[in-house]
Amino acid sequence: MLNFILSRMARAVMTLVMVMSFAFIVMRLSGDPATILLGPDAPQDAIDAFRARWGLDDPLWKQYLAYIAQIFTFDFGISMRDQMPALDIVLERIPATLAITLPAMILKLGIGIPAGVYAALHRESIADRGVITLSIFGFTIPSFVLALVLVLIFSVQLGWLPSGGQDSWQHAILPIVTLSVGGIGIMARFSRSAMIEVLGQPYIRTAMAKGLSWRDVVWKHALPNASVPIVTLVGFMVGALIAGAAVVESIFSWPGVGRLIVSSVANRDLAVVQCLLLVIASSMVAANLLVDIAYGLLDPRLRSKRSAH
Amino acid sequence: MLINRRRTLGLIGAAAAGSLILPYRLRAQGARRSITISVQKITNNNTLDIWYEQSNVGERAFFPNLWEGLIDRDWMGNQGPVPALATEWKRLDDQTIELKLRQGVKFHNGDEMTAEDVVFSFSDERVFAGTEPVGGKTLYAENFKPQSAKELPASVPGVGRRLWPALRGVEAVDKYTVRFHNATPDVTLEGRLYAYGSQITSKRAWDEAATYADWARQPITTGPYKVEEYRPEVSLVLVAHDEYWGGRPPLQSIRFVEVPEVASRVNGLLSGEYDFACDLPPDQIPTVQEAPGLEVQSSTIWNHRISVFNTQNEIVANPLVRRAMTHAIDRQAIVDALWAGQTKIPAGIQFESYAASDMFIDGWTVPEYNPELARDLLKQANYKGDAIPYFLLNNYYTNQTATGQVLTEMWQQAGLNIEIQMKENWDQIFAGQGERGVRDWSASNNINDPITPMVTQFGPNGQSQQYKEWTNEELNKLSVVLETSTDHATRKKAYARMLEIAEREDPVYTLLHQNAVFTGMKSELKWKAAPAFAMDFRAGNWHI
């Protein structure tokens, strides 16, 4: 297991280096931050001074080496726009994003998985069809459409909830609902499919034939086996906790990481974009690593295969 | 306590009576209203520094509520100069102006504003960072040595020198008198004093701030409202500065909230959460106007939308082709269709506020819409229908893409083959020097004199000539006249001729329309929009 984790961690570091290099090159080739940040009316003196201050007039390889050297000393640079450490700016936004993505995640799991399992256990019933219909609705409606419809109903028409901002817990309700609806639908459909597949397996028939109760069959045999593919999906969702709410954050004026991505990319605020990508890529890599470890815990066969290797 | 129907009705009645009486009691106690304004952006650079945040959105957050100059722009009047932190000023010669400071003006930190603060506000430490003035040396350099470890944003000295290219220094004559010394004769010194950037900050507050970022997020100024909290990309809260020299401000607080999506700003206004929703596109005007209790105010601003020609493109190099392009545009159709008729077509690249200094050229207009003339000019140019690339950004300016498409259609109607190429940013726009035939831009009036934008944008050091898009020897000579002559008639004559060159004979740009902004608001507020991005919440513009 230790070898497995170490090899995965080595791959994770390689992934991060590749992401950072790719981001570095793309950001520099797609536009000069001086012209973009200072605007079309900036005098040439100001543009030249800006380039000199931020080392943009150095050759690309020199900028790259300086950047890599910085990263290895955990120095993520200074924001060209805010004149503040990029890491501080990014870390300041993470709690706001997690404040809506974590509750949304809990709703996705807490509603989506039971609904899917229930539908699978009552296949072809009205409840099953209801779950399928609602889940299709959930994951097909674009989040920006759902967000605006919710605002029109609950803010403009009923006046029950605020339409945007971050002033109170009520402000988080509509963003959380918007974020969770699609995930609930996906999770319900995925759980249903996984359970239906497991329930058709010979070991389920064997368990029933040896006289186990239906409850025991479901809890001890069906659910653990169905959870492997579900964990994969959960892994993706965990990875998207930090960066997966950009659209919703924009519509609800929620000051999280998603809005920071949009504004810092638009302004070519290189240090902030690079720091953001490193944090996001790290969270994705960490989520994948956890999923791999979870596979081993859930399925003893995978553990023994790894040991054999 | 027993809750029965009678008691419940009694409680409801008491609550209702209380809700009616309470506002009157609050008013009697001098309680003031607080307002919330939703905007697309609070600032672009996440600071509240006038020299760093030189943008339209910055103007809205800064003026006239936070920052003030020695002379101010008459925001609700003719946009000309009015006394502010200086009560009077006089010319000592064509290079020097002396100003008497208003006494008893208090900064937000309680300090009295003196000549020392004015000197500091135009110092190397605050703005110029050791850059030398055009045509001379810095005066009083020893006064401007940095006293703290603050590093100015790299762009600030360049921006400062654009507005004050020849300022040698500011002299504190006594506690309440300052002199501005210019290296060259300049008739626009007064205009520069009320331009965006020339406002005054407290020297002590700067010295006490640990870093530039700390200072720039809570600058100490003299305006009627002071910064209580600034959360970049989230909100800016200004609260009343009750020691304001112009009297007690009428509002308790002004809260700007950043709401990037226009639909969200409109929804927040409709639901009553916001008192104002700014940056509405013209197509949202009916939605707001039709809602009960709401209205839309439009403001034309000191900014004209133009399209700029690039004579490095061999087809566009021919002035006949450019002239044809200027005559093929039905500008009124654009204003009617895309702006709901809510803006206007100015008299060339002029601004009506030039009239304050008698520099407005009466009788001048944009080129007439005449497709026949355009076709004839193309025939004279022997134009064969080769494609002319039009580099276009996706709505950097309001309605930009739609306007670009309309323009292309109009040009094609006249026989021009214009090919739109969408670009992502300004760097990509300027990258295609030899290929680009036309691009979009806007022209701003910064010092309320024809120098801006004619000389600053199209003169020898303007961006258009720096990027080698166009040049004209006569216009360059006239630029010097306009910048240095102190004879009014000579300057006005030079400007009139420059308009003829730049807009008719050898066009460098073609003007489309004046830019405008639209603000949705609660009608009960009875507030009036200034012809600017700035939102005036001083006593004279607040009536409830």
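Bear in mind these aren't lab numbers, they're just calculated from the coordinates by the rules spelled out. What you see is a predicted model; the values in this text were computed from it and never measured. So basically every Cβ, Gly included, is an ideal-geometry build from the backbone, and we count neighbours across all protein chains shown.
How well do other chains shield peptide A:77-83, expressed as the mean number of their Cβ atoms within 10 Å of each residue Cβ? Other-chain Cβ atoms within 10 Å of each residue's Cβ, averaged: 6. The angle between the Cα long axis of helix B:488-500 and the longest principal axis of the Cα atoms of chain B comes to about 70 degrees, rounded to the nearest 10. Farthest towards the positive end of the charge dipole of segment A:169-309, among the residues A:204, A:279, A:293, is the Cα of A:204, using unit charges on the Cβ of Lys, Arg, Asp and Glu. Relative to the longest principal axis of the Cα atoms of chain B, helix B:371-380 runs at roughly 40 degrees.
Once you order the gyration tensor axes a ≥ b ≥ c over the Cα atoms, which shape class does the protein assembly as shown get: rounded for a/c under 1.5, otherwise prolate or oblate by comparing a/b with b/c? It comes out prolate by the Cα gyration axes. The order of B:212, B:396, going from fewest to most other C-beta atoms within 10 Å of their C-beta, is B:396, B:212.
Each Cα pair under 8 Å and six or more residues apart adds its sequence gap; the mean of these over the residue count of segment A:86-266 is a relative contact order of 34 percent.
Placing +1 on each Lys and Arg Cβ and -1 on each Asp and Glu Cβ, with no other charges, gives the protein assembly as shown a dipole about its Cα centre of roughly 3580 debye. Would you be so kind as to identify which of B:442, B:167, B:65 lies farthest towards the positive end of the dipole of chain B, taking Lys and Arg as +1 and Asp and Glu as -1 on Cβ and the Cα centre as origin? In chain B, that residue is B:65. Between 0 and 90 degrees, the angle of helix A:44-53 with respect to the longest Cα principal axis of chain A falls at about 60 degrees. All C-alpha to C-alpha distances of segment A:86-266, sorted into 10 Å bins beginning at zero, yield P(r) values of 10, 31, 29, 18, 10, 3, 0 percent in whole numbers.
Pulled fully out, how much extra length does the chain show between residue B:228 and residue B:337, if you take 0.36 nm times their separation in residues and subtract their Cα-Cα distance?
This chain segment gains 35.0 nm when fully extended.
Sequence gap at least 6, Cα distance under 8 Å: using those rules, report the relative contact order of segment B:301-516 to the nearest whole percent. Rounded, it is 37 percent for segment B:301-516. Counting, for every residue in A:33-40, the Cβ atoms of other protein chains within 10 Å of its Cβ and taking the mean gives 6.
Taking the Cα centre of chain A as reference, the dipole from Cβ charges on Lys and Arg (+1) and Asp and Glu (-1) amounts to some 1600 debye.
Dipole magnitude for segment A:86-266: about 640 debye, using +1 per Lys or Arg Cβ and -1 per Asp or Glu Cβ, origin at the Cα centre.
Kindly list the residues of segment B:234-278 that lie in the label zone of residue A:152, defined by a backbone N under 17 Å from the point 7 Å along the Cα-to-C-beta vector. Taking a point 7 Å out along Cα→Cβ of residue A:152, the residues of segment B:234-278 whose backbone N falls under 17 Å are B:262-272. Across segment B:506-520, coupling constants 3J(HN,Hα) worked out from phi with the 6.51/-1.76/1.60 Karplus curve, θ = phi - 60°, read 9, x, 9, 8, 10, 7, 9, 6, 7, 7, 9, 10, 10, 10, x Hz, and Gly and Pro carry x. Roughly speaking, what is the centre-to-centre gap between segment B:477-516 and segment A:120-154 when only Cα atoms are used, to the nearest Å? Each part's Cα centre sits 63 Å from the other's. If I stretch the segment between residue B:297 and residue B:92 completely, what's the gain in nm (0.36 nm per residue apart, minus their alpha carbon distance), one decimal? Extra length available between residue B:297 and residue B:92 comes to 69.5 nm. Computed 3J(HN,Hα) for segment B:158-175, one whole-Hz value per residue from the Karplus formula 6.51 cos²θ - 1.76 cosθ + 1.60 where θ = phi - 60°, is x, 5, x, 6, 5, 7, 10, x, 10, 6, 7, x, 10, 9, 8, 6, 8, 4, glycine and proline marked x. Put in line by how crowded their Cβ is, counting other Cβ atoms within 10 Å and starting with the fewest, A:105, B:454 read A:105, B:454. Here's how it looks for residue B:229: its modeled amide H is under 5 Å from those of B:237, which are all 5 or more places away or on a different chain. Here the calculated FRET efficiency for residue A:124 and residue A:94, from their Cβ-Cβ distance with R0 = 51 Å, stands at 0.70, rounded to the nearest 0.05.
Each residue, residue A:134 and residue B:262, gets one label point 7 Å from its Cα in the Cβ direction; the gap between the two is 3.7 nm. Amide H contacts of residue B:241: B:225, B:226, each under 5 Å away and 5 or more positions distant or on a separate chain (H built 1.01 Å from N in the peptide plane; Pro and chain starts excluded). The relative contact order of chain B, computed from alpha carbon pairs under 8 Å that lie at least 6 residues apart in sequence, is 20 percent. Considering the dipole of segment A:29-128 built from charges on the beta carbon (Lys and Arg +1, Asp and Glu -1) around the Cα centre, which of A:101, A:44, A:31 is farthest to its positive end? Looking along the dipole axis, the top candidate is A:101.
Residues whose amide H comes within less than 5 Å of that of residue B:169, counting only those at least five positions distant or on another chain, are B:139, B:181 (H built at 1.01 Å from N in the peptide plane). Rank these for me by crowding, B:68, B:409, going from fewest to most other beta carbons within 10 Å. With the sparsest Cβ surroundings first, the list reads B:409, B:68.
Along its three principal directions, the equivalent ellipsoid of segment B:75-119 from the Cα gyration tensor extends over semi-axes of 22, 17, 8 Å, largest first.
Placing a label point 7 Å from the Cα of residue B:132 along the Cα-to-Cβ line, the residues of segment B:174-192 whose backbone N sits under 14 Å from it are B:183.
At 0.36 nm per residue, and after removing the present C-alpha to C-alpha distance, how many nm does the segment from residue A:170 to residue A:216 gain when stretched out fully?
Full extension from residue A:170 to residue A:216 adds 12.5 nm.
Phi angles of segment B:328-343 translate, via the Karplus equation with coefficients 6.51, -1.76, 1.60 and θ = phi - 60°, into HN-Hα couplings of 8, 9, 8, 5, 5, 4, 5, 4, 5, 7, 9, 10, 6, x, 8, 9 Hz per residue; Gly and Pro are given as x.
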